[in-house]
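Structure record follows, encoded as C-alpha cells.
No lab work stands behind these numbers, since they all come straight from the coordinates. Everything numeric here is computed off the predicted structure, so don't read it as measured data. Neighbour counts are summed over all protein chains in view; Cβ atoms, including those assigned to glycine, are modelled from backbone coordinates with ideal geometry.
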Amino acid sequence: MTNDLALRAELAGLNASAPPQQTDIDGWLIRLSPGKAKRSRCINALREGRLPLDELLARCQRAYDAAGLPLAVRVTPWSQPADLDARLAAKGWGVFDAADVMVLDALRPDPALVALQALDAPAYAALVGALRGSSDTAIAAHAERIANAPVSYQGFALQDDAGRLLACGQMVVEGELVGLYDIASAVPRQGHGERLCRALLAHAHAQGVRQAYLQVGSDNAVAQRLYARLGFVFAYRYHYRSPEKDLV
C-alpha cells in the first residue's frame, strides 16, 4: 500500500462527490448541496490560506447560514492547516461520522460478468433514495450532483430473474481508478451487496480500471468485512467536526 494511492483516492473522491453548489474561500472548498451526502455539504480544508482561522470560519458560517445548512468541516490527513483538527477540538467542536477509505491496489478480471441494469441519474437517485428513506429534496440533489459531477457517473441495479431489485450501487471511473459509492441492498444479509460489488469491479476492469477505492463507516464492521473479502485494505480515516450540537 502506498501513500500515493491513498492521496489519489482522496482527490478522486472529491471529484466524484462535487455538487454544482461549491465555491472556494481562501483555499477551503465550500460545498453547499441540500442533499443527504455529507461530503457534498461540508468544508474540505484543502489549502492553508492567508486569513486567520477565526475569520475564515466566520466567512464559512455566513455561507452555510445563507444556504440554510449546518456548518461542518471534513477533516482528513491532508487538511490544512495541519493542526486544524486540534484547533477545532479546542473550540469545543464535536466529532462525528468517522469513515474509513479502503483501497484495492490490483484489480483483476472476472470471467463471469454478472448482468447489471444501467440507470440514468434520476432513476438511480430515486432508487437508492427510496431504499434509504431520503426526502424528495435529498433525492433531487443527489440526481443533480451525480449528473453534473466532473467525472462520469455509472449507476446500476442488480436484479433477480423476475426483475426484482436485489441491490444497487454506482461507480465513478477516473483514469485507471474507480470509486464505489452508494452500495445499497434491498434484501440484506443475502450476499447481494457482495455480488453487486464484484460485478461493478469487473465492469470497471473491462473499462481499463486497475485500482479501486471506497468509503465506509468506521463502525460498520459488517461492510468492512465484505470489502476485505474483495481485497480492499484500510488506507486512511476521516471525520467531521461541527459547532452544531445536534450533528454530533
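The alpha carbon centroids of the stretch 23-94 and the stretch 134-203 are separated by 28 Å.
Shown for CYS168, CYS60, CYS197: other C-beta atoms within 10 Å of each C-beta, ranked fewest to most, produce the order CYS60, CYS197, CYS168. Structure remark: mean-square fluctuation, Gaussian network model of the chain, C-alpha springs under 10 Å; the largest value among ILE183, ILE25, ILE146 belongs to ILE25. Within the listed set ASN148, ASN220, ASN44, the residue fluctuating most in the Gaussian network model of the chain (springs between alpha-carbon atoms under 10 angstrom) is ASN220. Please state the relative contact order of the stretch 117-236 as a whole percent: Cα pairs under 8 Å, 6+ residues apart? Once normalised by length, the contact order is 19 percent.
With an 8 Å Cα cut-off and a minimum separation of 6 or more residues, compute the relative contact order for the stretch 16-132 in percent.
Relative contact order comes out at 17 percent.
When only the Cβ of Lys, Arg, Asp and Glu is charged (+1, +1, -1, -1), the dipole of the chain relative to its Cα centre reaches about 260 debye.
Ordered by the count of other Cβ atoms within 10 Å of each Cβ, fewest first, GLU48, GLU55 give GLU55, GLU48. Over 26 Å, how big is the tail of the calculated P(r) for the stretch 117-236, in percent of all Cα pairs? More than 26 Å apart: 17 percent of the Cα pairs in the stretch 117-236. Only Lys, Arg, Asp and Glu carry charge here, each on its Cβ (+1 for the first two, -1 for the last two); on that basis the stretch 115-222 has a dipole of about 200 debye about its Cα centre.
Excluding same-chain residues fewer than 8 positions from LYS245, which aspartates and glutamates have a Cα within less than 15 Å of its Cα? Partners found: ASP97. Counting other Cβ atoms within 10 Å as a rough exposure proxy, the listed residues MET102, MET171 run MET102, MET171 from fewest neighbours to most. With Rg/Rh (Cα atoms, Kirkwood Rh) as the read-out, I listed [x] 1.04; [y] 1.09; [z] 0.97; which label goes with the value calculated from this structure? Recomputing Rg/Rh (Cα atoms, Kirkwood Rh) here picks out [z]. The helix-based estimate of mean residue ellipticity at 222 nm for the chain, built from -39,500 (n - 2.57) per DSSP H run of four or more residues and divided by its residue count, is -10500 deg cm²/dmol to the nearest 500. For the chain, the relative contact order is 27 percent, taking Cα pairs closer than 8 Å that sit 6 or more residues apart in sequence and dividing their mean separation by the residue count.
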